[in-house]
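Chemist: A single structure is presented below for examination.
The values are calculated or read from the model by the stated rules, or taken from the named source; none is laboratory data. This is a predicted model, so every value here is computed, not measured. Neighbour counts run over all protein chains shown; Cβ positions are idealised from the backbone, glycine included.
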Amino acid sequence: MDLSNLKPAAGSNKDSKRIGRGPGSGKGGTSTRGHKGAKSRSGYHKKIGFEGGQMPLQRRLPKFGFKNINRIEYKAINISTLQAMADKGITKIDPDVLQEAGYINATQLVKILANGQLTAAIEITADAFSATAIKAIEAAGGKAIVLGAPVEEA
């Protein structure tokens with residue numbers, strides 16, 4: 001056996017219908033397209049979503065909402081989570097520490113929110129803070145540092 005005598009299995013390949021080859025073929029005349037109408041003509045193409053003249057789905061449903069391209073997505077971390085980390089002996093918390101602990105991944109921005117109680121004095125570095133979170137951190141004797149903000153020197 002070699003490549004020169006390979007053939008498809010008997011009956012697996014079928015000849016296509018030869019349409020529009022004269023009246024003797026039995027498929028001449030209208031060439032199985034029927035009489036008149038857009039579908040009988042050359043170059044016919046049905047529009048995407050066309051439903052036979054019925055109002056298409058994409059026009060029946062209302063439009064709503066939009067995607068704000070300027071939105072900044074933050075991963076929210078509550079001060080109760082920071083307190084739990086402080087209980088384990090961590091005094092300086094930054095995105096790298098949060099990533100090691102499994103709270104965020106490498107691409108996420110961090111925002112600290114004020115849900116919970118904070119009693120430990122810890123230094124927290126994050127991308128953003130809520131106003132109440134800053135008050136809670138400073139009330140506990142800690143420090144809230146915003147990443148990318150200019151450093152204040154005394």
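Chemist: Collect the residues in region 81-113 that are within 14 Å of GLY142 (Cα to Cα) and either modelled with pLDDT of 95 or more or not in a helix (DSSP H, G or I) (or both), keeping them in residue-number order.
Modeler: Once the filter is applied, which keeps residues that are within 14 Å of GLY142 (Cα to Cα) and either modelled with pLDDT of 95 or more or not in a helix (DSSP H, G or I) (or both), region 81-113 yields ILE90, THR91, LYS92, ILE93, ASP94, ILE112.
Chemist: For region 59-80, what are the residues that are of a type in the set (Val, Ile, Thr), in a loop (DSSP other than H, G, I, E, B) and in contact with a strand residue (DSSP E or B) (Cβ under 8 Å, 6 or more places away or on another chain)?
Modeler: Once the filter is applied, which keeps residues that are of a type in the set (Val, Ile, Thr), in a loop (DSSP other than H, G, I, E, B) and in contact with a strand residue (DSSP E or B) (Cβ under 8 Å, 6 or more places away or on another chain), region 59-80 yields only ILE72.
Chemist: Right, here's the next one. Search region 97-122 for residues that are free of Cβ contacts under 8 Å to residues at least 24 places away in the same chain and pair each with any residue that is surrounded by fewer than 16 Cβ atoms within 10 Å (Cβ to Cβ) and not in a loop (DSSP other than H, G, I, E, B) when their beta-carbon atoms are under 7 Å apart and the residues are at least 6 apart or on different chains.
Modeler: Within 7 Å, the pairs are ASN105/GLN99; ALA106/GLN99.
Chemist: Given PHE129, PHE66, which one is free of Cβ contacts under 8 Å to residues at least 40 places away in the same chain and surrounded by 15 or more Cβ atoms within 10 Å (Cβ to Cβ)?
Modeler: It is PHE129.
Chemist: Here are GLY49, GLY53, GLY116: which of them is under 30 Å from LYS39 (Cα atoms), touching a helix residue (DSSP H, G or I) at 6+ places or on another chain (Cβ under 6 Å), at pLDDT below 95 and loosely packed, with under 15 Cβ neighbours inside 10 Å?
Modeler: GLY49
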